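The values are calculated or read from the model by the stated rules, or taken from the named source; none is laboratory data. All of these numbers come straight from a predicted model, not from anything done at the bench. Because the Cβ atoms are built from the backbone with ideal geometry, glycine has one as well, and the counts that use them run over all protein chains shown.
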Amino acid sequence: MSITTNLKEIQKQIPEEVRLVAVSKYHSVDDIREAYNAGQRIFGESKAQELIAKHEELPQEDIQWHFIGHLQSNKIKYIAPFISLIHSVDTFRLLKNINKEAKKEGRIIPCLLQLHIADEDTKYGFSFTECKDMLKEGKWKELKNVKITGVMGMATFTEDENLVKSEFKALKDFFSEIQKEFFTTNEDFTEISMGMSQDYSIAIKEGSTLIRVGSKIFGERIY
Ligand SMILES: *Cc1c(COP(=O)(O)O)cnc(C)c1O
(Lines give C-alpha, C1' and ligand atoms only; values in the text may rest on other atoms or scores of the structure.)
Protein backbone atom coordinates (compact mmCIF):
# COMPACT_ATOMS: atom_id res chain seq x y z
CA MET A 1 0.00 0.00 0.00
CA SER A 2 1.25 3.47 -0.85
CA ILE A 3 0.86 6.62 1.20
CA THR A 4 -1.54 7.98 -1.42
CA THR A 5 -3.74 4.87 -1.29
CA ASN A 6 -3.75 4.86 2.51
CA LEU A 7 -4.78 8.51 2.62
CA LYS A 8 -7.62 7.99 0.14
CA GLU A 9 -8.82 4.98 2.13
CA ILE A 10 -8.97 6.97 5.37
CA GLN A 11 -10.52 10.04 3.76
CA LYS A 12 -13.34 7.80 2.48
CA GLN A 13 -14.13 6.71 6.04
CA ILE A 14 -14.32 10.09 7.67
CA PRO A 15 -17.24 12.53 7.58
CA GLU A 16 -16.74 15.95 6.07
CA GLU A 17 -16.70 17.78 9.39
CA VAL A 18 -13.79 15.70 10.73
CA ARG A 19 -10.30 16.82 9.73
CA LEU A 20 -7.37 14.49 9.33
CA VAL A 21 -4.00 15.36 10.85
CA ALA A 22 -1.38 13.24 9.09
CA VAL A 23 1.14 12.43 11.82
CA SER A 24 4.47 12.46 10.03
CA LYS A 25 6.87 12.18 12.96
CA TYR A 26 9.90 9.98 12.18
CA HIS A 27 8.90 9.90 8.50
CA SER A 28 10.89 11.54 5.75
CA VAL A 29 10.30 14.75 3.85
CA ASP A 30 9.76 12.60 0.74
CA ASP A 31 6.95 10.72 2.46
CA ILE A 32 5.35 13.99 3.51
CA ARG A 33 5.69 15.30 -0.02
CA GLU A 34 3.86 12.26 -1.34
CA ALA A 35 1.00 12.91 1.08
CA TYR A 36 1.05 16.59 0.12
CA ASN A 37 0.81 15.71 -3.55
CA ALA A 38 -2.17 13.53 -2.72
CA GLY A 39 -3.88 16.61 -1.29
CA GLN A 40 -3.08 16.34 2.42
CA ARG A 41 -2.37 19.73 4.03
CA ILE A 42 -2.41 19.20 7.81
CA PHE A 43 0.63 17.47 9.29
CA GLY A 44 1.38 16.66 12.91
CA GLU A 45 4.80 16.47 14.51
CA SER A 46 5.82 15.78 18.09
CA LYS A 47 9.39 17.10 18.25
CA ALA A 48 10.30 20.74 17.74
CA GLN A 49 13.64 20.18 15.95
CA GLU A 50 12.18 17.70 13.53
CA LEU A 51 9.26 20.00 12.82
CA ILE A 52 11.50 23.01 12.14
CA ALA A 53 13.65 21.06 9.68
CA LYS A 54 10.63 19.73 7.80
CA HIS A 55 8.92 23.10 7.77
CA GLU A 56 11.94 24.57 6.05
CA GLU A 57 12.09 21.94 3.35
CA LEU A 58 8.42 21.71 2.44
CA PRO A 59 5.98 24.13 0.79
CA GLN A 60 5.33 26.96 3.24
CA GLU A 61 2.25 28.58 1.70
CA ASP A 62 -0.40 26.03 2.44
CA ILE A 63 0.81 23.36 4.87
CA GLN A 64 -0.69 23.62 8.32
CA TRP A 65 1.68 22.24 10.93
CA HIS A 66 0.20 20.95 14.17
CA PHE A 67 2.29 20.26 17.24
CA ILE A 68 1.06 17.14 19.04
CA GLY A 69 3.88 16.14 21.42
CA HIS A 70 5.16 17.23 24.77
CA LEU A 71 6.39 20.79 24.25
CA GLN A 72 9.30 22.17 26.21
CA SER A 73 9.09 25.86 26.96
CA ASN A 74 12.56 26.59 25.55
CA LYS A 75 11.48 25.22 22.15
CA ILE A 76 8.35 27.33 21.71
CA LYS A 77 10.16 30.23 20.10
CA TYR A 78 11.27 28.10 17.16
CA ILE A 79 7.78 27.01 16.19
CA ALA A 80 5.87 30.15 17.23
CA PRO A 81 6.35 31.91 13.86
CA PHE A 82 4.42 29.30 11.89
CA ILE A 83 2.61 26.71 14.02
CA SER A 84 -1.12 26.41 13.21
CA LEU A 85 -2.31 24.54 16.27
CA ILE A 86 -0.71 23.20 19.44
CA HIS A 87 -2.68 20.15 20.62
CA SER A 88 -0.70 19.45 23.73
CA VAL A 89 -0.99 22.24 26.30
CA ASP A 90 -0.84 20.45 29.63
CA THR A 91 0.06 23.19 32.12
CA PHE A 92 -0.89 26.81 32.63
CA ARG A 93 2.80 27.65 32.61
CA LEU A 94 3.17 26.27 29.09
CA LEU A 95 0.15 28.27 27.91
CA LYS A 96 1.68 31.40 29.40
CA ASN A 97 5.00 30.71 27.68
CA ILE A 98 3.31 30.10 24.33
CA ASN A 99 1.50 33.40 24.79
CA LYS A 100 4.80 35.18 25.37
CA GLU A 101 6.40 33.84 22.19
CA ALA A 102 3.23 34.39 20.15
CA LYS A 103 3.21 38.00 21.26
CA LYS A 104 6.78 38.48 20.02
CA GLU A 105 5.63 37.18 16.64
CA GLY A 106 2.50 39.32 16.63
CA ARG A 107 0.39 36.17 16.39
CA ILE A 108 -2.50 34.53 18.20
CA ILE A 109 -1.71 30.83 18.45
CA PRO A 110 -4.63 28.39 18.69
CA CYS A 111 -4.12 25.81 21.45
CA LEU A 112 -5.90 22.72 22.74
CA LEU A 113 -5.90 21.63 26.36
CA GLN A 114 -4.56 18.09 26.63
CA LEU A 115 -6.49 15.94 29.08
CA HIS A 116 -5.30 12.76 30.67
CA ILE A 117 -8.08 10.33 29.80
CA ALA A 118 -6.22 7.03 29.59
CA ASP A 119 -6.01 4.30 32.13
CA GLU A 120 -2.20 4.60 32.03
CA ASP A 121 0.05 6.97 33.87
CA THR A 122 2.67 7.38 31.19
CA LYS A 123 0.80 10.06 29.30
CA TYR A 124 0.89 13.81 29.73
CA GLY A 125 -2.11 15.97 30.27
CA PHE A 126 -4.28 17.75 32.82
CA SER A 127 -6.66 15.71 34.92
CA PHE A 128 -10.23 16.93 34.53
CA THR A 129 -10.01 18.50 37.98
CA GLU A 130 -6.70 20.24 37.33
CA CYS A 131 -8.02 21.61 34.08
CA LYS A 132 -11.19 22.98 35.64
CA ASP A 133 -9.22 24.52 38.48
CA MET A 134 -6.97 26.25 35.97
CA LEU A 135 -9.97 27.56 34.04
CA LYS A 136 -11.72 28.71 37.23
CA GLU A 137 -8.62 30.56 38.34
CA GLY A 138 -9.17 32.72 35.30
CA LYS A 139 -5.62 33.93 34.59
CA TRP A 140 -5.75 32.36 31.10
CA LYS A 141 -8.23 35.05 30.11
CA GLU A 142 -5.45 37.63 30.31
CA LEU A 143 -3.40 35.80 27.67
CA LYS A 144 -4.29 37.66 24.49
CA ASN A 145 -1.88 35.86 22.14
CA VAL A 146 -3.21 32.35 22.60
CA LYS A 147 -6.69 31.11 21.87
CA ILE A 148 -8.02 27.96 23.47
CA THR A 149 -9.98 26.23 20.72
CA GLY A 150 -10.71 22.86 22.29
CA VAL A 151 -9.39 19.73 23.94
CA MET A 152 -7.18 16.78 23.07
CA GLY A 153 -6.80 13.32 24.55
CA MET A 154 -5.22 9.91 23.98
CA ALA A 155 -7.10 6.77 24.91
CA THR A 156 -5.53 3.74 26.53
CA PHE A 157 -3.55 1.57 24.12
CA THR A 158 -5.73 -1.52 24.33
CA GLU A 159 -7.88 -3.92 22.34
CA ASP A 160 -10.73 -3.19 24.74
CA GLU A 161 -12.99 -1.06 22.57
CA ASN A 162 -15.43 -0.37 25.38
CA LEU A 163 -12.71 1.19 27.47
CA VAL A 164 -11.52 3.34 24.58
CA LYS A 165 -15.09 4.38 23.84
CA SER A 166 -15.75 5.37 27.44
CA GLU A 167 -12.55 7.43 27.55
CA PHE A 168 -13.47 9.32 24.38
CA LYS A 169 -16.98 9.84 25.70
CA ALA A 170 -15.58 11.28 28.92
CA LEU A 171 -13.47 13.73 26.91
CA LYS A 172 -16.45 14.80 24.80
CA ASP A 173 -18.57 15.31 27.94
CA PHE A 174 -15.80 17.33 29.53
CA PHE A 175 -15.53 19.45 26.38
CA SER A 176 -19.28 20.21 26.53
CA GLU A 177 -19.11 20.98 30.22
CA ILE A 178 -16.27 23.49 30.01
CA GLN A 179 -17.69 24.95 26.81
CA LYS A 180 -20.86 25.90 28.72
CA GLU A 181 -18.99 27.09 31.76
CA PHE A 182 -16.06 29.00 30.29
CA PHE A 183 -16.24 29.42 26.54
CA THR A 184 -19.75 30.61 25.68
CA THR A 185 -18.38 33.76 24.08
CA ASN A 186 -15.64 31.94 22.16
CA GLU A 187 -17.15 30.60 18.94
CA ASP A 188 -13.80 29.06 18.06
CA PHE A 189 -13.97 26.64 20.99
CA THR A 190 -14.96 23.75 18.72
CA GLU A 191 -12.21 21.15 18.54
CA ILE A 192 -12.07 17.69 20.05
CA SER A 193 -8.79 16.12 18.99
CA MET A 194 -9.06 12.38 19.58
CA GLY A 195 -8.43 9.21 17.62
CA MET A 196 -5.22 7.64 16.24
CA SER A 197 -4.54 4.80 13.76
CA GLN A 198 -5.91 2.21 16.16
CA ASP A 199 -9.02 3.95 17.36
CA TYR A 200 -10.06 6.78 15.04
CA SER A 201 -13.29 5.03 13.99
CA ILE A 202 -14.41 4.90 17.61
CA ALA A 203 -13.27 8.50 18.15
CA ILE A 204 -15.33 9.74 15.20
CA LYS A 205 -18.44 8.02 16.57
CA GLU A 206 -17.80 9.73 19.90
CA GLY A 207 -17.58 13.20 18.40
CA SER A 208 -13.98 13.80 17.34
CA THR A 209 -13.36 16.80 15.07
CA LEU A 210 -9.64 16.15 14.50
CA ILE A 211 -8.12 12.71 14.16
CA ARG A 212 -4.35 12.25 14.37
CA VAL A 213 -3.28 9.36 12.20
CA GLY A 214 0.32 8.30 11.62
CA SER A 215 1.19 4.66 10.98
CA LYS A 216 -2.02 3.92 9.09
CA ILE A 217 -0.86 6.48 6.50
CA PHE A 218 2.93 6.29 6.54
CA GLY A 219 3.57 2.77 7.84
CA GLU A 220 5.40 1.77 10.98
CA ARG A 221 7.80 4.29 12.47
CA ILE A 222 11.44 3.30 12.78
CA TYR A 223 12.85 4.90 15.93
C1 LIG B 1 2.36 9.47 17.27
C2 LIG B 1 1.09 10.11 17.68
C3 LIG B 1 -0.10 9.88 16.96
C4 LIG B 1 -0.20 8.95 15.77
O5 LIG B 1 -0.08 7.62 16.17
P6 LIG B 1 -0.42 6.40 15.17
O7 LIG B 1 -0.75 5.29 16.08
O8 LIG B 1 0.79 6.16 14.36
O9 LIG B 1 -1.59 6.82 14.35
C10 LIG B 1 -1.23 10.57 17.36
N11 LIG B 1 -1.22 11.40 18.42
C12 LIG B 1 -0.12 11.64 19.13
C13 LIG B 1 -0.18 12.57 20.29
C14 LIG B 1 1.07 10.98 18.80
O15 LIG B 1 2.17 11.22 19.53
- Note on the structure: Of the residues in segment 53-103 that are touching a helix residue (DSSP H, G or I) at 6+ places or on another chain (Cβ under 7 Å) and part of a strand (DSSP E or B), the one that is nearest to the ligand (Cβ to nearest atom) is Phe67
- Search segment 13-46 for residues being crowded, with 20+ Cβ neighbours inside 10 Å and small (Gly, Ala, Ser), and hand back the single one that is farthest from the ligand (Cβ to nearest atom). Ala35
- Query: Which residue out of Phe92, Phe43, Phe67 is in contact with a Gly (Cβ under 8 Å, 6 or more places away or on another chain) and not charged (D, E, K, R)?
  - Reply: Phe67
- Residues located in segment 182-202, provided they are part of a loop (DSSP other than H, G, I, E, B) and either closer than 18 Å to Ile86 by Cα or away from the ligand (no atom under 12 Å from the Cβ) (or both): Phe183, Thr184, Thr185, Asn186, Glu187, Asp188, Phe189, Thr190, Met194, Gly195, Met196
- Only unsatisfied item for Thr5, checking (1) free of Cβ contacts under 8 Å to residues at least 12 places away in the same chain; (2) more than 21 Å from Ser201 (Cα to Cα), is (2)
- Task: Would you please name the residue that is farthest from the ligand (Cβ to nearest atom), looking only at residues in segment 203-223 that are buried (at least 21 other Cβ atoms within 10 Å of the Cβ) and part of a helix (DSSP H, G or I)?
- Result: Ala203
- Item | Tally of residues being under 17 Å from the mean Cα position of the chain (by Cα) and either among the acidic types (Asp, Glu) or buried (at least 21 other Cβ atoms within 10 Å of the Cβ) (or both) across segment 168-201 | 11
- Message: Any residue that is closer than 21 Å to Pro110 by Cα and at pLDDT 95 or above - is there at least one of those in segment 1-8?
- Response: no
- Message: Condition first: under 21 Å from the mean Cα position of the chain (by Cα) and of a type in the set (Val, Ile, Thr). Now tell me which residues in segment 4-46 satisfy that.
- Response: Ile10, Ile14, Val18, Val21, Val23, Val29, Ile32, Ile42
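Of all residues being outside any strand (DSSP E or B) and touching a strand residue (DSSP E or B) at 6+ places or on another chain (Cβ under 6 Å) in segment 104-123, which is farthest from Lys144 (Cα to Cα)? Just the residue, please.
Checked segment 104-123; the qualifying residue farthest from Lys144 (Cα to Cα) is Ile117.
Scan segment 154-171 and give yes if some residue there is within 12 Å of the ligand (Cβ to nearest atom) and under 23 Å from Phe92 (Cα atoms), otherwise no. Step through it out loud before you land on a result.
So in segment 154-171, the residues within 12 Å of the ligand (Cβ to nearest atom) come out as 154-155, 157.
Those left that are additionally under 23 Å from Phe92 (Cα atoms): 154-155.
Taking every residue of segment 154-171 in turn, at least one turns out to be within 12 Å of the ligand (Cβ to nearest atom) and under 23 Å from Phe92 (Cα atoms).
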- Message: Please go through (1) basic (Lys, Arg); (2) part of a loop (DSSP other than H, G, I, E, B); (3) within 18 Å of the chain's Cα centre (by Cα) for Lys147 and return the number of the only condition it doesn't satisfy.
- Response: (2)
